[in-house]
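The values are calculated or read from the model by the stated rules, or taken from the named source; none is laboratory data. Treat the numbers as computed from the prediction; the structure is a model and nothing was measured. A quick note on method: Cβ atoms are made from the backbone with ideal geometry, for glycine too, and the neighbour counts reach across all protein chains shown.
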Ligand code: UDP
């Protein structure tokens, strides 16, 4: 059966661009919609890119029709937890309201499948620091709430129409393309692995540990770090599943085990051979102590098989990318 093309919103961003690479390697027809507010033209390589906003109904409708889109992968969003705490309406506008417009366009254009970038932040502070898909959602910051509201809209739309979806709740993405072509280029990055790799290449002087008094084994925050290529593969697997008639689903995407901030920094020192200048600071607003996935469902439902489940490998690819960015800034 011949499939339509895939609209990838936010395809010039970190996770979206890695997914575009894999989709194109499989011979899928892809069109990227990105406003380049946080994404990079270079990240899409030679994939078709339309510069515009997800909340712009006319642009989206035209794209869906002109490109014969039958599947939307929706990555475009603001994703920085502390920023969402200080500027909540920016997050509800760009993440929630824009998703509503996008869904309206999908219905108007008879889009069949929708793959949504959700987040483990929908769980807030789950008991024991571990979240399964049926763990109660209770976000503790506007970022998580903005994504949870989108999940709810998606569920309502799927109930009322033939559209099927996969909502993927990402844990902590890190690392970069093992082929060295693309990576995360965000200025003023806040994600731990990237920040630490930037310090290792000398781009920043110090690394802060936000909170050393958490109820975790070494007092620092624990997260389930997943390589961006394995996360991208989850989207490709979700596409295959939905096309085969799979029912709408919500899935954690993580490896199912966590590392503390101190363990991550130790890995960066081990892999890079550099000593980091580490400063201990107070907790960061909006951060849960621990957040690790129960990650069985995605393996059984999609047949997802991670290939890069190794902290040092994640760090190695992230570090290689920072070295390249230093030589050739984006
Ligand atoms: N973190 C840190 N220093 C940093 C960035 C992050 O100590 O410079 C901690 C943060 O408090 C959390 C973990 O590292 O415990 C992961 O944070 P990140 O921002 O990478 O992702 P998040 O879990 O907020 O999505």
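Cβ contacts < 8 Å: first residue over 13 Å from residue 43 (Cα atoms), restricted to the range 176-189; second residue in a loop (DSSP other than H, G, I, E, B), any location; separation 6+ or different chain. Result?
178/308
Can you give me the number of residues within the range 16-29 that are surrounded by 24 or more Cβ atoms within 10 Å (Cβ to Cβ) and touching a strand residue (DSSP E or B) at 6+ places or on another chain (Cβ under 7 Å)?
Here the count works out to 3.
If we scan the range 186-204, do we find a residue that is more than 26 Å from residue 92 (Cα to Cα), modelled with pLDDT under 95 and more than 12 Å from the ligand (Cβ to nearest atom)?
No, the range 186-204 contains no residue that is more than 26 Å from residue 92 (Cα to Cα), modelled with pLDDT under 95 and more than 12 Å from the ligand (Cβ to nearest atom).
Among (1) more than 16 Å from the ligand (Cβ to nearest atom); (2) closer than 25 Å to residue 190 by Cα; (3) surrounded by fewer than 20 Cβ atoms within 10 Å (Cβ to Cβ), which single condition is residue 229 missing?
(3)
Out of (1) touching a residue at least 24 places away in the same chain (Cβ under 8 Å); (2) within 20 Å of residue 73 (Cβ to Cβ), what's the single condition that is false for residue 126?
For residue 126, the exception is condition (2).
Criterion first (within 16 Å of the ligand (Cβ to nearest atom) and touching a residue at least 12 places away in the same chain (Cβ under 8 Å)) does residue 169 satisfy it?
For residue 169, the condition - within 16 Å of the ligand (Cβ to nearest atom) and touching a residue at least 12 places away in the same chain (Cβ under 8 Å) - is met.
Has the range 89-108 got at least one residue that is at pLDDT 95 or above, within 16 Å of the ligand (Cβ to nearest atom) and out of contact with any strand residue (DSSP E or B) (no Cβ under 8 Å at 6 or more places or on another chain)?
There is at least one residue in the range 89-108 that is at pLDDT 95 or above, within 16 Å of the ligand (Cβ to nearest atom) and out of contact with any strand residue (DSSP E or B) (no Cβ under 8 Å at 6 or more places or on another chain).
Quick one: residue 214 ticks every box in (1) more than 22 Å from residue 312 (Cβ to Cβ); (2) within 12 Å of the ligand (Cβ to nearest atom); (3) free of Cβ contacts under 8 Å to residues at least 12 places away in the same chain bar one, so which box is it?
Against the list (1) more than 22 Å from residue 312 (Cβ to Cβ); (2) within 12 Å of the ligand (Cβ to nearest atom); (3) free of Cβ contacts under 8 Å to residues at least 12 places away in the same chain, residue 214 comes up short only on (3).
Among the residues that make up the range 242-263, is at least one of them away from the ligand (no atom under 16 Å from the Cβ) and crowded, with 22+ Cβ neighbours inside 10 Å?
Scanning the range 242-263, I find at least one residue that is away from the ligand (no atom under 16 Å from the Cβ) and crowded, with 22+ Cβ neighbours inside 10 Å, so the answer is yes.
May I ask you to say which residue of 204, 223 is without any contact (Cβ under 8 Å) to a residue 12 or more places away in the chain and at negative phi?
When all the criteria are applied, what remains is 204.
With (1) more than 30 Å from residue 111 (Cα to Cα); (2) more than 18 Å from the chain's Cα centre (by Cα); (3) touching a residue at least 12 places away in the same chain (Cβ under 8 Å) as the list, and residue 258 as the residue in question, which single condition is left unmet?
(2)
Taking strands (runs of 3 or more DSSP E) that do not extend beyond the range 131-223, which have at least 1 residues that are closer than 29 Å to residue 302 by Cα?
Correct list: 164-170, 172-174.
Here are some residues: 33, 103. Which one is within 30 Å of residue 140 (Cβ to Cβ) and surrounded by 16 or more Cβ atoms within 10 Å (Cβ to Cβ)?
So the residue among 33, 103 that is within 30 Å of residue 140 (Cβ to Cβ) and surrounded by 16 or more Cβ atoms within 10 Å (Cβ to Cβ) is 103.
If you go through the range 256-263 one residue at a time, do you hit one that is modelled with pLDDT of 95 or more and over 25 Å from residue 207 (Cα atoms)?
Within the range 256-263 (the criterion being modelled with pLDDT of 95 or more and over 25 Å from residue 207 (Cα atoms)), the answer is yes, since at least one residue qualifies.
Is at least one residue of the range 28-38 over 15 Å from residue 75 (Cα atoms) and modelled with pLDDT under 95?
Looking through the range 28-38, none of the residues is over 15 Å from residue 75 (Cα atoms) and modelled with pLDDT under 95.
Can you find a residue that is farther than 29 Å from residue 178 by Cβ, in contact (Cβ under 8 Å) with a residue 60 or more places away in the chain and within 16 Å of the ligand (Cβ to nearest atom) anywhere in the range 289-301?
Yes, some residue in the range 289-301 is farther than 29 Å from residue 178 by Cβ, in contact (Cβ under 8 Å) with a residue 60 or more places away in the chain and within 16 Å of the ligand (Cβ to nearest atom).
Would you mind telling me which numbered condition in (1) touching a helix residue (DSSP H, G or I) at 6+ places or on another chain (Cβ under 8 Å); (2) within 15 Å of the ligand (Cβ to nearest atom) residue 130 fails?
Result: residue 130 passes all but (1).
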